[in-house]
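For reference, the structure discussed in these notes is given below.
The values are calculated or read from the model by the stated rules, or taken from the named source; none is laboratory data. Given the structure is predicted, the values throughout are model-derived calculations rather than measurements. Using ideal geometry, Cβ is built from the backbone for each residue, glycine included, and neighbour counts are taken over all protein chains shown. Remember, those area values only see protein heavy atoms, side chains included, never the ligands or the DNA or RNA. Shrake-Rupley method; radii C 1.70, N 1.55, O 1.52, S 1.80 Å.
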Amino acid sequence: MILPKQYRCTHSPTCQCTRGHLNKDVLLLVFKHLNWNPKLVATLSCVCKWFDDFAKRVLWKEFCKTRAPRMMLDLQSSGSHCIDGNWRALGKLLIYCTGCTEGGLFNSTVQIPGHFVYRTRFSRTLGRSLLPPQCRTDVLYVSDPCEHLDQGEEGDVGLFRGIFKSFPTSKVRKVIINKAVPFHPSEVCPYCKAKMWSMLQAKIMPQSACARLEAYEDCIEYFVCLNGHLLGICTLAPLSDSEEAVPSEDSNHTEKKQDNCLAKENGLKRRHSLLGGSENGPSPQKRLTSSNQCNID
Ligand SMILES: [Zn+2]
Ligand SMILES: [Zn+2]
Ligand SMILES: [Zn+2]
C-alpha cells in the first residue's frame, strides 16, 4: 500500500496523522483481533515514524509471542534482553525464507527468491546439532530446512534459519571472537542488516550438522550475525523414508538438462525415494499450510 504524502506532520516527513495518533490500547486491541497479521503490521509501519516505533516495540513482539510462545519464553528467560530491539527481525525470521542470490552470501550458482513460509518448525535439538561440541551449552533454535528441489547443479537445496538465545554471551560468539574470524566482506543479515560471520570459516561446524539436516557432507554452510540470527544452506541427500512427494509449489523449478551429473543423479535418487516408487505421492504442500503458525520443540 502506498500512502500519499501529507504535509504539516510533526512526526516524520511521511506521517499521515495530522491530528495526533490513535490510542495505543486501541491499536493493540485492533491488531490482537487481526491476530497480529504480519503484513498489516508491516503496512502500519509505513504510515509514519510513530507507528513504526510502536510496531517495532509492541506489535512485532506480540506477533512473535503468539506465533512461537514457547520459543519466545525461552529466548527471554534468565534475564536475556538481547531481542528487545529486534522483534521485527525475529518476526521476519519466523515467517520468511530469504532464498539465496547468485554469488551472494552462500556464493551459490542459483537464484532462489525469498518467500513467506506459513508453517515452520523451529527446534532446539536441531540447533544443538549445529553447535560445535565445546559450545553445546549455547541455546540455538533452527528451522527445518526449507526445501528447494532440483536447483540445477546445486541439486536439492535446503535453506534453514535460526536464532541464538543471548548471543552476546554465547560460547559460539566467544570462539568466533577468539579466532578473529572476519565478517563477510559485503553481505549482511537479511533480517537485521548486521554483519555476519561464517561458521565454516570459523571451522566450528560439527559433523552432526549434516546428519541432522539430512545433507551431504561438505555441502553445508551457515552464517551467524552480530545479533545471533543464523542463516544456512545445504545440499539435501535422498530421504530414507517416503513421507514427501514432489517439490513444493514455491520451489524454484529449473530445467537444466546438461548439468553436473552427480547433482542430477542425486536429484533422481532423491525423487525416486520421495515417490517411494509409486506415481501417487502425497500432497506437495507438506510443510506449507495456511495456518500461519510456527511449531516449536
Ligand atoms: Zn504520525
Ligand atoms: Zn525457502
Ligand atoms: Zn541478524
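Consider segment 75-86 and keep the residues that are within 18 Å of the chain's Cα centre (by Cα) and at pLDDT 85 or above. The one that is most open to solvent (accessible area, probe 1.4 Å) is ASN86. Is it true that LYS174 is modelled with pLDDT of 95 or more, open to solvent by 80 Å² or more (accessible area, probe 1.4 Å) and not in a strand (DSSP E or B)? When the stated conditions are applied, LYS174 passes them. Residues that are of a type in the set (A, V, I, L, M) and in a loop (DSSP other than H, G, I, E, B) within segment 22-54 comprise LEU22, LEU34, VAL47, listed in sequence order. Of LYS56, LYS92, all but one fail to be touching a residue at least 60 places away in the same chain (Cβ under 8 Å) and touching a Phe, Trp or Tyr at 6+ places or on another chain (Cβ under 7 Å); the exception is LYS92. Checking each residue of segment 32-51 against the condition of being more than 16 Å from ligand 2 (Cβ to nearest atom), exposed (fewer than 15 other Cβ atoms within 10 Å of the Cβ) and aliphatic (A, V, I, L, M) gives at least one match. In the condition set (1) touching a helix residue (DSSP H, G or I) at 6+ places or on another chain (Cβ under 9 Å); (2) in the same structural domain as LYS165 (by TED's automatic domain parsing), ASP74 is compliant with all but (2).
Would you list the strands (runs of 3 or more DSSP E) that sit entirely within segment 109-151 and hold 1 or more residues that are more than 16 Å from ligand 2 (Cβ to nearest atom) and modelled with pLDDT of 95 or more?
Correct list: 119-123, 140-143.
Quick check: anything in segment 184-199 open to solvent by 50 Å² or more (accessible area, probe 1.4 Å), assigned to a loop (DSSP other than H, G, I, E, B) and closer than 21 Å to ALA89 by Cα? Yes - at least one qualifying residue is present in segment 184-199. Checked across segment 87-100, the condition of being away from ligand 2 (no atom under 16 Å from the Cβ), open to solvent by 20 Å² or more (accessible area, probe 1.4 Å) and modelled with pLDDT of 90 or more holds for at least one residue.
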